[in-house]
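Taking it in order: structure first as structure tokens, then the write-up.
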Amino acid sequence: MSSDIPEADREGELAHPREVYDLFGHEREARAMEEALSTGHMHHAWMVTGAKGVGKATLAYRLARRALGAQASGEGALASSPGDPVCRQLEGLAHPDFLLIRRPYNDKTKKLKGEITVDEARKAADFFSKSASGDHWRVVIVDTADELNINASNALLKTLEEPPKKGLLILLVETPGRLLPTIRSRCRRLSLRAPDVSATADWLVERHDIERSVADRAADLATGAPGRALAHAVSGEIGVKDDLDQMLTGLPRIDRSAAIRLADKASRKDGEATKRAIMRFLQAYAQDRARELAVAEAGLSKAAAWVKASDELRRLARDADAIYLDPKQTVHAAISLVEAAASQS
């Protein structure tokens, strides 16, 4: 794949999960998949759930390699060697029995689309209708199924309703409640939980040579999710979080100059990652405030304002990608939503 075309399922400049062979945590879930594969009891559809960066895609590609015929090699369940021909083909998205469904790139706008379209989802049925190139499985990964629009969801459901022989569909999901109940009911579910924050910090130091203070902060921000923690550690996202925290200390009023600085950073030529980090952190802030207030009986009504803000921030982030809203305006609108919720609560 051309390096000039962004990939919706790649985290910044980090290695794509199809290029990652070490699985941090989730050994029990990997063993469950390996046992199903080796005993002939493989379910035709798996729904792997968990927070962003927890390791869903790393586990999915680990299963895909072995289902496509890669030989067992290395440590841990479902392990295989990067030198295996199947693995090399999969890294290049060149294996004839593998299909990846994700938000597509729009050649006209030169940007990724904001959702997985029905045309993308229909590729699964066409793919499974053809004969496999060998005696192994045919594998489709959807990353992430949360991003399927309604028509795409219905198209994928048709594939699930008529599962092909030796066809394996792996749905990666951050928020299962957004999927159609009929899709969820047809999948075997594996829920991944993030490792302990301290364990993730140790992993960053030992495996990725991250400075201890940075590793501790990154792991804490990611609540232990390894991929998210690594992204925090190697990008400027920790600085963005510090700027946001300082700005939010003045709620229900905020420092306008700080808001302008953040919006300016997001609108730079290389500011897409900054914009996404701001949107993600603000949504997490709204969710945390809603939970804190909901715990207190007197805070239930006040929590509603933050629940609403979280939902509106999610829609704003989605719309910003789907219809290419101006990054500066998007950040200002997001900050205004948080400010309004703070005023109401």
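Residues are listed down the side, and each one gets a yes or a no for (1) without any contact (Cβ under 8 Å) to a residue 40 or more places away in the chain; (2) touching a Leu at 6+ places or on another chain (Cβ under 7 Å):
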| residue | (1), (2) |
| --- | --- |
| 67 | no, yes |
| 76 | no, yes |
| 80 | no, no |
| 83 | yes, no |
| 86 | yes, yes |
| 92 | no, no |
| 96 | yes, no |
| 101 | no, no |
| 105 | no, yes |
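Report whether or not residue 120 is surrounded by fewer than 22 Cβ atoms within 10 Å (Cβ to Cβ), farther than 21 Å from residue 43 by Cα and in the same structural domain as residue 156 (by TED's automatic domain parsing). So that I can check it myself, show each step before the final result.
Details: surrounded by fewer than 22 Cβ atoms within 10 Å (Cβ to Cβ): no; farther than 21 Å from residue 43 by Cα: yes; in the same structural domain as residue 156 (by TED's automatic domain parsing): yes.
Criteria not met by residue 120.
May I ask you to say which residue of 233, 219, 215 is surrounded by 13 or more Cβ atoms within 10 Å (Cβ to Cβ) and modelled with pLDDT under 95? Lay out the reasoning, then the answer.
Values: 219 fails: modelled with pLDDT under 95; 215 fails: modelled with pLDDT under 95.
So the residue among 233, 219, 215 that is surrounded by 13 or more Cβ atoms within 10 Å (Cβ to Cβ) and modelled with pLDDT under 95 is 233.
Checking residue 245 against (1) modelled with pLDDT of 90 or more; (2) in contact with a helix residue (DSSP H, G or I) (Cβ under 7 Å, 6 or more places away or on another chain); (3) within 22 Å of residue 309 (Cα to Cα), only one condition comes out false. Which one?
(2)
So which residues in the stretch 146-163 are crowded, with 18+ Cβ neighbours inside 10 Å and over 18 Å from residue 58 (Cα atoms)? Before the answer, list the steps.
Start the filter on the stretch 146-163 by keeping residues that are crowded, with 18+ Cβ neighbours inside 10 Å, which leaves 146-148, 152-153, 155-156, 159-160.
Of everything in the stretch 146-163, those that are crowded, with 18+ Cβ neighbours inside 10 Å and over 18 Å from residue 58 (Cα atoms) turn out to be 147, 148, 152, 153, 155, 156, 159, 160.
Which one of the conditions (1) closer than 27 Å to residue 215 by Cα; (2) modelled with pLDDT under 90 does residue 258 fail to meet, given that it meets all the rest?
(2)
Considering the stretch 21-41 alone, what residues qualify as being surrounded by fewer than 18 Cβ atoms within 10 Å (Cβ to Cβ) and aliphatic (A, V, I, L, M)?
32, 36, 37
Considering only the stretch 34-84, how many residues are at pLDDT below 95 and basic (Lys, Arg)?
1
Only one residue in 157, 172 is within 30 Å of residue 241 (Cβ to Cβ) and modelled with pLDDT of 95 or more. Which one? Step through it out loud before you land on a result.
Working: 157 fails: within 30 Å of residue 241 (Cβ to Cβ).
The unique qualifying residue is 172.
Hey, among the residues in the stretch 59-83 that are in contact with a Ser or Thr (Cβ under 7 Å, 6 or more places away or on another chain) and of a type outside the set (Ser, Thr, Tyr), which one's surrounded by the most Cβ atoms within 10 Å (Cβ to Cβ)? Spell out how you get there, then give the answer.
Filtering the stretch 59-83 down to residues in contact with a Ser or Thr (Cβ under 7 Å, 6 or more places away or on another chain) leaves 65-66, 70-74, 79-81.
From what's left, of a type outside the set (Ser, Thr, Tyr): 65-66, 70-72, 74, 79.
Numbers: 65: 28, 66: 25, 70: 25, 71: 13, 72: 14, 74: 11, 79: 19.
Among those residues, the one meeting the criterion is 65.
Check off (1) more than 30 Å from residue 58 (Cβ to Cβ); (2) assigned to a helix (DSSP H, G or I); (3) of a type outside the set (Phe, Trp, Tyr) for residue 325 and give me the number that stays unchecked.
Evaluating residue 325 over (1) more than 30 Å from residue 58 (Cβ to Cβ); (2) assigned to a helix (DSSP H, G or I); (3) of a type outside the set (Phe, Trp, Tyr) leaves (2) as the failure.
Pairs please, first residue from the stretch 147-164 and in contact (Cβ under 8 Å) with a residue 12 or more places away in the chain, second anywhere and of a type in the set (Asp, Glu), Cβ atoms under 6 Å, 6+ apart in sequence or on different chains.
147/115; 149/115
Residue 331: within 23 Å of residue 109 (Cβ to Cβ), touching a residue at least 12 places away in the same chain (Cβ under 8 Å) and surrounded by 18 or more Cβ atoms within 10 Å (Cβ to Cβ), yes or no?
Working: within 23 Å of residue 109 (Cβ to Cβ): yes; touching a residue at least 12 places away in the same chain (Cβ under 8 Å): yes; surrounded by 18 or more Cβ atoms within 10 Å (Cβ to Cβ): yes.
Judged against the criteria, residue 331 is a match.
Run residue 306 past the list (1) outside any helix (DSSP H, G or I); (2) within 24 Å of the chain's Cα centre (by Cα) and report the number of the one that doesn't hold.
(1)
From 284, 305, which residue is over 22 Å from residue 232 (Cβ atoms) and among the hydrophobic types (A, V, I, L, M, F, W, C)? Break it down stepwise before answering.
Numbers: 284 fails: over 22 Å from residue 232 (Cβ atoms).
Just one listed residue meets the conditions, 305.
Any idea which residue in the stretch 129-149 is farthest from residue 7 (Cα to Cα), counting only those that are assigned to a strand (DSSP E or B) and either in contact with a His (Cβ under 9 Å, 6 or more places away or on another chain) or of a type in the set (Val, Ile, Thr) (or both)?
Of the residues in the stretch 129-149, the ones assigned to a strand (DSSP E or B) are 138-143, 148.
After this cut, where a residue has to be either in contact with a His (Cβ under 9 Å, 6 or more places away or on another chain) or of a type in the set (Val, Ile, Thr) (or both) as well, the list is 139-142.
Values: 139: 19, 140: 17, 141: 14, 142: 13 Å.
Per the criteria, the residue is 139.
The values are calculated or read from the model by the stated rules, or taken from the named source; none is laboratory data. What you see is a predicted model, and the numbers here were worked out from it, not measured in a lab. Cβ coordinates were reconstructed from backbone atoms using ideal geometry, including for glycine residues, and neighbour counts include every protein chain displayed.
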